[in-house]
Amino acid sequence: MSKTIHVVGNKVHIPDESRISQHDGNDMILFVGKMSYDPNIVATTYFANQVFPKLLEKYPSLRFVIVGANPDSRVIELANPHIQVTGYVGSVEPYYQKSTIVVAPMLTGAGIQNKILQAMSYGCCVVTTPVGAEGLNICNGEIAIADGTEGMTEVISSLLNDKSKRESMGKQARMYVIDHLSEAV
């Protein structure tokens, strides 16, 4: 007895070119995800406590914006003048449009991170960890993959200092999802 197996991979809605990241600002690091999900809680608390303070030393106007429904108390406690926890928002699009860098500092969890694919579809500059990049065949610098606190701090610092690199990565990221993960593929 033989059965046909069909594999349906991740697909991403591709926003119109007029709605993508403008790379205008230089002060907002963004995380998007369901904030009651333990891997997102671990990622944001790690970033807020280990990486972000090092970045603030060099970039005192930097903000870390955490967008996502049902923030756990551990996430809510991160809020301060430099860290905003929004909770649920009607649309993440304005946040993607205004972000300088989108981070997915995943330390746990498995599989392709839809939060990364969505950010890529908006042409955002994305920095993640090896765990966050699992399942993606990144080979042309579409996103930055950094390991450890120092690695992530260095990569983000470098990108904060280079708007043209952020724009280039965003364009490559958008093309990656258009070519490999869009509804047209």
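The values are calculated or read from the model by the stated rules, or taken from the named source; none is laboratory data. Quick caveat: nothing in here was measured; it's all calculated off a predicted structure. Heavy atoms of the whole protein, side chains included, go into the accessibility calculation; ligands, DNA and RNA do not. Shrake-Rupley method; radii C 1.70, N 1.55, O 1.52, S 1.80 Å.
List of remarks:
- Considering only the chain, percent of DSSP beta bridges that pair antiparallel, nearest 5: 5 percent
- Structure-derived volume of the Cα convex hull per residue in Å³ - corresponding label in [x] 132; [y] 186; [z] 209: [x]
- Gyration tensor (alpha-carbon) shape descriptor, the stretch 95-185, a/c threshold 1.5: oblate
- Apportionment of accessible area to carbon and sulfur, the stretch 3-96, percent (1.4 Å): 51 percent
- Taking 0.36 nm per residue of sequence separation and removing the Cα-Cα distance, the Ile76/Asp24 pair yields an extension gain of 15.9 nm.
- Fraction of beta bridges assigned by DSSP in the stretch 28-116 that are antiparallel (%, nearest 5): 10 percent
- Here the sum of -39500 (n - 2.57) over DSSP H runs of 4 or more residues, divided by the residues of the chain, equals -10000 deg cm²/dmol at 222 nm, to the nearest 500.
- Candidate lysines for bridging to Lys98, where Cα separation is under 24 Å - those fewer than 8 sequence places away on the same chain excluded: Lys11, Lys34, Lys54, Lys58, Lys115, Lys163, Lys165, Lys171
- Accessible-area composition of the stretch 112-185, carbon plus sulfur, in percent [1.4 Å probe]: 47 percent
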